[in-house]
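Got a structure here, written out as structure tokens. Questions coming.
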Amino acid sequence: MSVETSIESKPTLLSESLRERILAYVPRYPSKRAVVLPALHLVQELFRCVPYKAMEEIAQLLDVAPAEVHDTMSFYGFFTQAPTGEKRVWMCRSISCMLRGGDELIDRACSKLGIEPGGASADGSISIVPAECLGICDYAPAALCDDGRIFGPLDDASTDAMLAEIRGGKST
Amino acid sequence: MSNFEPVLSRNWNVADSHTLKVYESRGGYRSARKALTELDPDKVVTIVKDSELRGRGGAGFPCGMKWGFLPKDRKQTLMCINADESEPATFNNRILMEKDPHQLIEGIVLGCFATRATTAYLYIRFEYIHAFRVLEAAIAEARAAGHLGKNIYGSGFDLEIWVHRGAGAYICGEETGLIESLEGKRGWPRIKPPFPAVDGAFHHPTVVNNVETLCCVPHIIERGADWFKSIGTPKSYGPKLYCVSGHVNKQTCVELPLGVTCRELIDVHGGGVWKGRKAKAAVPGGISMGLLSAAELDTPLDFESLRKPGCLGLGTAAVTVIDDHTPIIDYLYNTSRFFAHESCGQCTPCREGTGWMYKMIKRIKAGGGRIEDLDQMATFANNLGIMPGTTICGLADGAAWPVKNAIAKFRGELEEYIRANQNPAHAVKPIQTAIAQGRVVDLAALALSAGTVPALPSNDLLSDGSSHAR
Ligand SMILES: Cc1cc2nc3c(=O)[nH]c(=O)nc-3n(C[C@H](O)[C@H](O)[C@H](O)COP(=O)(O)O)c2cc1C
Ligand code: SF4
Ligand code: FES
């Protein structure tokens, strides 16, 4: 049912240029469905979340059912339904970081910002997301910003400095 | 050993090692050119077979043999490069891609030529943001210079590499989970057979290889199978990138001959245990592999030797050192949380088993442990995984091994912890015991007690009738 309605409805959320960027991936793969993940990444990057409407429009573009896009989207911890902060920071809680105080640093960062783990700060500038190993254990305890910056080895002071740096000097 | 010459990491300290110019100036793409213009694809397969190169992604499967499983009459072959690297404590693939992306591209060209794959998908975990950027630039450079694209070196061989980014799921490192994810679906591992070599991505015969495995190939082609086999220990040949992190002075990734002992890795390359302490234990190759006790640190880190101390295997050769100030329950808490979080949920023993183990360990840590919990946990651990044959993929074995090893090697400490840490607020409630033992529970009493369970005298909730409450 939702497939039909989505075929009827006019795309309104994804801009023409975003649609083009998504469709540019199609020639890479033998099936259009393979573009679902790249498309979700583009949407998440732009909107900082993946609204249901976007899933419908991706489905339409790629000739799959909206439910299939939703199924994929919801499987991966990466995509969010509520907007994340402008910068998303993953703080590692896996073994090597944990052994060096990673769990406590996550608590510290969250309480400094007054948020729950996974949440965004009130001004929307930053989200702190507890993560499993980020593959930067040579920096343990480590954190990764979604712009690619790596932070570590962290301690209390450098965690505070990291938050300040990412938020561009905004005080907590 | 003393005259070991690193090859995989030889460019890491050279300025601009990620550029084509530097790579070529250091002899790069010579192997690819030689193979494509002078050798038959099957000859490349034979050389790799002869080298006995074993996959570096965790399973240690012989690479040449895997390539040999492709059906002879296939029309199209795909290559997937596994750069999902999510095994906790592992980061060598990241450095390989960041510091020397062309070495990997050359390995891909060789692997694809050997298997006649004309499209390669490089599946990289999203968190490798810098590596992704470096790779995209390197692939563009390689394409512009004719190392990729149509009719490479005039050999008639075509190859495109596409980088495909993951989205934060450990299970997508499992080769069929990776394939499902590449196809745009949730990363649920497939039941095998059919194996990817026969029916893989988009139903084409597919080879899945790890980044480091492919990085070995140009060197094998250049220096020969005998050179490769002159390094390492029996059945574990060649150089290997070892990671060491956790309670060491120097967290690092270092290239050594396969078979270095865990102790040497920690003391010589990791600068010793931090704060002048002693090691209590070490994770030998990513947390899925289990645990070495302090007495077992002289075990060589190769594909064969880790079985003796009861570990699952070499895994990713990533060592995490745990110092003697750390309770083993903290290690168990961390590993069980990881697997409960990352189980894809497809197989009941894995989905439920990892959840149970995590909850039990959490309770023990909080002060609600009972000695019999240890036996219970061991039972869970022995009942999930490919090893007992109850699950689709090896994640469940990885979840079981830390528990099996910790209980076998640190039972005394765990019992001591349970005795010394009792907190009634976290204790198991009689009703939970009754349910666990299959005794009948009076649902009406249960409903009345909602929210006040802890205060209720346990016997109110139990009846001894024979009919099932459900
Ligand atoms: C749960 C699980 C996770 C895995 N994660 C990875 C991974 O991140 N990277 C990798 O190369 N192999 C991983 N593997 C192993 C792959 O399934 C596969 O054996 C490997 O990519 C094959 O490449 P190789 O033969 O070159 O090692 C994982 C296996 C399992 C069971
Ligand atoms: S063993 Fe676990 S992770 Fe692997 S397929 Fe089954 S449920 Fe998923
Ligand atoms: S354990 Fe924290 S980055 Fe790997």
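For the stretch B:32-104, give me every one of the helices (runs of 4 or more DSSP H) that falls completely inside it and has 3 or more residues that are more than 30 Å from A:CYS92 (Cβ to Cβ). Can you show your working first?
Details: elements: B:41-51, B:63-68, B:92-99.
So the answer is B:41-51, B:63-68.
OK, next. Run B:ALA201 past the list (1) in contact with a Ser or Thr (Cβ under 9 Å, 6 or more places away or on another chain); (2) within 30 Å of A:LEU61 (Cα to Cα); (3) aliphatic (A, V, I, L, M) and report the number of the one that doesn't hold.
Unmet for B:ALA201, out of (1) in contact with a Ser or Thr (Cβ under 9 Å, 6 or more places away or on another chain); (2) within 30 Å of A:LEU61 (Cα to Cα); (3) aliphatic (A, V, I, L, M): (1).
If B:ASP199 meets every condition in (1) of a type outside the set (Phe, Trp, Tyr); (2) over 30 Å from B:THR348 (Cα atoms); (3) away from ligand 3 (no atom under 16 Å from the Cβ) apart from one, which number is that one?
(2)
Can I ask one more? If you scan the stretch B:384-396, which residues turn out to be within 8 Å of ligand 2 (Cβ to nearest atom) and more than 14 Å from every other protein chain (Cβ to nearest Cβ)? Give the steps one after another, and end with the answer.
Pass one, the stretch B:384-396, residues within 8 Å of ligand 2 (Cβ to nearest atom): B:384-386, B:391-396.
Residues satisfying the conditions are B:LEU384, B:GLY385, B:ILE386, B:THR391, B:ILE392, B:CYS393, B:GLY394, B:ALA396.
Tell me, yes or no, whether the stretch B:4-13 has at least one residue that is within 14 Å of another protein chain (Cβ to nearest Cβ) and either closer than 30 Å to B:PHE339 by Cβ or away from ligand 3 (no atom under 16 Å from the Cβ) (or both).
Kept after step one, since they are within 14 Å of another protein chain (Cβ to nearest Cβ), are these residues of the stretch B:4-13: B:9, B:12.
Restricting the remaining residues to those that are either closer than 30 Å to B:PHE339 by Cβ or away from ligand 3 (no atom under 16 Å from the Cβ) (or both) gives B:9, B:12.
Looking through the stretch B:4-13, at least one residue is within 14 Å of another protein chain (Cβ to nearest Cβ) and either closer than 30 Å to B:PHE339 by Cβ or away from ligand 3 (no atom under 16 Å from the Cβ) (or both).
Let me ask something else. If I ask for residues that are within 15 Å of ligand 2 (Cβ to nearest atom) and not aromatic (Phe, Trp, Tyr), which ones from the stretch B:348-372 would you list? Lay out the reasoning, then the answer.
Step one: filter the stretch B:348-372 for residues within 15 Å of ligand 2 (Cβ to nearest atom), giving B:348-358.
Selection gives B:THR348, B:PRO349, B:CYS350, B:ARG351, B:GLU352, B:GLY353, B:THR354, B:GLY355, B:MET357.
Quick one: which of B:ALA201, B:ALA197, B:ALA225 is within 14 Å of another protein chain (Cβ to nearest Cβ) and aliphatic (A, V, I, L, M)?
Working: B:ALA197 fails: within 14 Å of another protein chain (Cβ to nearest Cβ); B:ALA225 fails: within 14 Å of another protein chain (Cβ to nearest Cβ).
When all the criteria are applied, what remains is B:ALA201.
Considering only the stretch B:29-43, I want to know if a residue exists there that is surrounded by fewer than 24 Cβ atoms within 10 Å (Cβ to Cβ), of a type in the set (Val, Ile, Thr) and touching a Ser or Thr at 6+ places or on another chain (Cβ under 8 Å). Before the answer, list the steps.
Of the stretch B:29-43, the ones surrounded by fewer than 24 Cβ atoms within 10 Å (Cβ to Cβ) are B:29-31, B:33-34, B:36-43.
Of the ones still in play, those that are also of a type in the set (Val, Ile, Thr) are B:37.
Of the ones still in play, those that are also touching a Ser or Thr at 6+ places or on another chain (Cβ under 8 Å) are B:37.
Taking every residue of the stretch B:29-43 in turn, at least one turns out to be surrounded by fewer than 24 Cβ atoms within 10 Å (Cβ to Cβ), of a type in the set (Val, Ile, Thr) and touching a Ser or Thr at 6+ places or on another chain (Cβ under 8 Å).
Follow-up question, since we're still on this one. Please report, ordered by residue number, the helices (runs of 4 or more DSSP H) entirely within the stretch B:150-239 with at least 2 residues that are at pLDDT 95 or above and within 16 Å of ligand 2 (Cβ to nearest atom). Reasoning before the result, please.
Numbers: elements: B:175-182, B:211-223, B:225-229.
Fully inside the stretch B:150-239 and qualifying: B:175-182.
Okay, next question. If we keep just the residues of the stretch B:357-382 that are closer than 28 Å to A:GLY77 by Cα and surrounded by fewer than 17 Cβ atoms within 10 Å (Cβ to Cβ), which is nearest to the chain's Cα centre (by Cα)?
B:LYS359
Anything in the stretch B:80-122 that is touching a strand residue (DSSP E or B) at 6+ places or on another chain (Cβ under 7 Å), closer than 23 Å to B:TYR170 by Cβ and either among the acidic types (Asp, Glu) or away from chain A (no Cβ under 14 Å) (or both)? List them, or say none.
B:ILE81, B:ASP84, B:GLU87
Could you list, in sequence order, all residues of the stretch A:79-110 that are hydroxyl-bearing (Ser, Thr, Tyr), more than 9 Å from chain B (Cβ to nearest Cβ) and buried (at least 20 other Cβ atoms within 10 Å of the Cβ)? Quick ask: steps written out before the conclusion?
Here is the first cut: in the stretch A:79-110, the residues hydroxyl-bearing (Ser, Thr, Tyr) are A:80, A:84, A:94, A:96.
Restricting the remaining residues to those that are more than 9 Å from chain B (Cβ to nearest Cβ) gives A:80, A:84.
Of everything in the stretch A:79-110, just one residue is hydroxyl-bearing (Ser, Thr, Tyr), more than 9 Å from chain B (Cβ to nearest Cβ) and buried (at least 20 other Cβ atoms within 10 Å of the Cβ), namely A:THR84.
With B:LYS235, B:LYS240 as the choices, which residue is touching a residue at least 60 places away in the same chain (Cβ under 8 Å), of a type outside the set (A, V, I, L, M), more than 8 Å from chain A (Cβ to nearest Cβ) and within 23 Å of B:VAL109 (Cα to Cα)?
On the way: B:LYS235 fails: within 23 Å of B:VAL109 (Cα to Cα).
Residue meeting the stated conditions: B:LYS240.
Name, by its number, the condition in (1) more than 10 Å from chain B (Cβ to nearest Cβ); (2) farther than 15 Å from B:ILE129 by Cβ; (3) in contact with an Asp or Glu (Cβ under 9 Å, 6 or more places away or on another chain) that does not hold for A:PHE151.
Answer for A:PHE151: the failing condition is (2).
Touching a Gly at 6+ places or on another chain (Cβ under 6 Å), surrounded by fewer than 21 Cβ atoms within 10 Å (Cβ to Cβ) and more than 24 Å from B:TRP274 (Cα to Cα) - does that describe any residue in the stretch B:196-213?
Within the stretch B:196-213, none of the residues are touching a Gly at 6+ places or on another chain (Cβ under 6 Å), surrounded by fewer than 21 Cβ atoms within 10 Å (Cβ to Cβ) and more than 24 Å from B:TRP274 (Cα to Cα).
Quick one: how many residues across the stretch B:324-347 are within 8 Å of ligand 2 (Cβ to nearest atom) and either touching a residue at least 60 places away in the same chain (Cβ under 8 Å) or more than 10 Å from chain A (Cβ to nearest Cβ) (or both)?
5
Here is a follow-up. Looking only at residues that are part of a loop (DSSP other than H, G, I, E, B), out of contact with any Asp or Glu (no Cβ under 8 Å at 6 or more places or on another chain) and within 14 Å of chain A (Cβ to nearest Cβ) in the stretch B:271-284, which one is surrounded by the fewest Cβ atoms within 10 Å (Cβ to Cβ)? Steps first, please.
Restricting attention to the stretch B:271-284, the residues satisfying the condition of being part of a loop (DSSP other than H, G, I, E, B) are B:271-272, B:277-278, B:284.
In the following step, the residues that additionally are out of contact with any Asp or Glu (no Cβ under 8 Å at 6 or more places or on another chain) were identified as B:271-272, B:284.
With the extra rule that they be within 14 Å of chain A (Cβ to nearest Cβ), the set shrinks to B:271, B:284.
Values: B:GLY271: 14, B:PRO284: 30.
Step by step, filter the stretch B:271-284, then rank; the result is B:GLY271.
Let me ask another. For the stretch A:59-76, give me the residue count where each residue is crowded, with 17+ Cβ neighbours inside 10 Å and within 10 Å of chain B (Cβ to nearest Cβ).
Qualifying residue count for the region: 8.
Could you count how many residues in the stretch A:127-161 are touching a Leu at 6+ places or on another chain (Cβ under 7 Å) and more than 16 Å from ligand 1 (Cβ to nearest atom)? Even if it seems obvious, please write down each step before you answer.
Kept after step one, since they are touching a Leu at 6+ places or on another chain (Cβ under 7 Å), are these residues of the stretch A:127-161: A:128, A:134, A:136, A:141-144, A:150, A:154, A:159.
With the extra rule that they be more than 16 Å from ligand 1 (Cβ to nearest atom), the set shrinks to A:128, A:141-144, A:150, A:154, A:159.
Of the residues in that region, 8 qualify.
Can I ask one more? Count, please, the residues in the stretch A:125-158 that happen to be surrounded by 23 or more Cβ atoms within 10 Å (Cβ to Cβ) and of a type in the set (Ser, Thr, Tyr).
Of the residues in that region, 1 qualify.
What residue, among those in the stretch B:169-184 that are within 17 Å of B:GLU342 (Cβ to Cβ) and among the charged types (D, E, K, R), is nearest to the other protein chains (Cβ to nearest Cβ)? Working first, answer last.
Going residue by residue through the stretch B:169-184, those that are within 17 Å of B:GLU342 (Cβ to Cβ) are B:169-178, B:180-181.
Narrowing further to those that are among the charged types (D, E, K, R): B:174-175, B:180.
On the way: B:GLU174: 14, B:GLU175: 16, B:GLU180: 10 Å.
Across the stretch B:169-184, the extreme among qualifying residues is B:GLU180.
Are there any pairs with C-beta distances below 9 angstrom linking a residue in the stretch B:130-148 that is of a type in the set (Lys, Arg) to a residue that is crowded, with 19+ Cβ neighbours inside 10 Å, with the two at least 6 apart or on different chains, and if so which?
As it stands, the answer is B:ARG143/B:ILE161, since those pairs meet every condition given.
To continue, here is another question. Quick check, is A:GLU116 more than 14 Å from chain B (Cβ to nearest Cβ), touching a Ser or Thr at 6+ places or on another chain (Cβ under 6 Å) and more than 20 Å from B:SER336 (Cβ to Cβ)? Walk me through how you get there before you give the answer.
On the way: more than 14 Å from chain B (Cβ to nearest Cβ): yes; touching a Ser or Thr at 6+ places or on another chain (Cβ under 6 Å): no; more than 20 Å from B:SER336 (Cβ to Cβ): yes.
No; evaluated as a whole, the condition is false for this residue.
Sticking with this one: Only residues that are among the β-branched types (Val, Ile, Thr) and within 9 Å of ligand 1 (Cβ to nearest atom): list them for the stretch B:163-200, please. It would help to see each step written out before you state the result.
Filtering the stretch B:163-200 for residues among the β-branched types (Val, Ile, Thr) gives B:163, B:171, B:176, B:179, B:191, B:198.
Within the stretch B:163-200, B:ILE171, B:THR176 qualify.
If a residue must be of a type in the set (A, V, I, L, M, F, W, C), crowded, with 20+ Cβ neighbours inside 10 Å and in contact with a Phe, Trp or Tyr (Cβ under 8 Å, 6 or more places away or on another chain), how many such residues does the stretch B:49-94 contain?
6
Let me ask you something else. Out of the residues in the stretch B:294-329 that are assigned to a loop (DSSP other than H, G, I, E, B) and of a type in the set (Gly, Ala, Ser), state the one that is nearest to B:HIS269 (Cα to Cα).
Here is the first cut: in the stretch B:294-329, the residues assigned to a loop (DSSP other than H, G, I, E, B) are B:297-299, B:301-304, B:308-317, B:324-327.
The next check asks that each one be of a type in the set (Gly, Ala, Ser); those that pass are B:310, B:313, B:315, B:317.
Numbers: B:GLY310: 25, B:GLY313: 21, B:GLY315: 19, B:ALA317: 14 Å.
Result: B:ALA317.
Hey, any hits in the stretch A:100-114 for a residue that's away from ligand 3 (no atom under 16 Å from the Cβ) and among the polar types (S, T, N, Q)?
yes
Regarding the stretch A:55-77, can at least one residue be identified that is aromatic (Phe, Trp, Tyr) and more than 16 Å from ligand 1 (Cβ to nearest atom)?
Step one: filter the stretch A:55-77 for residues aromatic (Phe, Trp, Tyr), giving A:75-76.
Filter once more, keeping what is more than 16 Å from ligand 1 (Cβ to nearest atom): none.
For the stretch A:55-77, residues aromatic (Phe, Trp, Tyr) and more than 16 Å from ligand 1 (Cβ to nearest atom): absent.
The values are calculated or read from the model by the stated rules, or taken from the named source; none is laboratory data. Quick caveat, the model's predicted, so the values are computed rather than measured. Don't worry about glycine lacking a Cβ; one is built from the backbone with ideal geometry, like all the others, and counts go over all protein chains shown.
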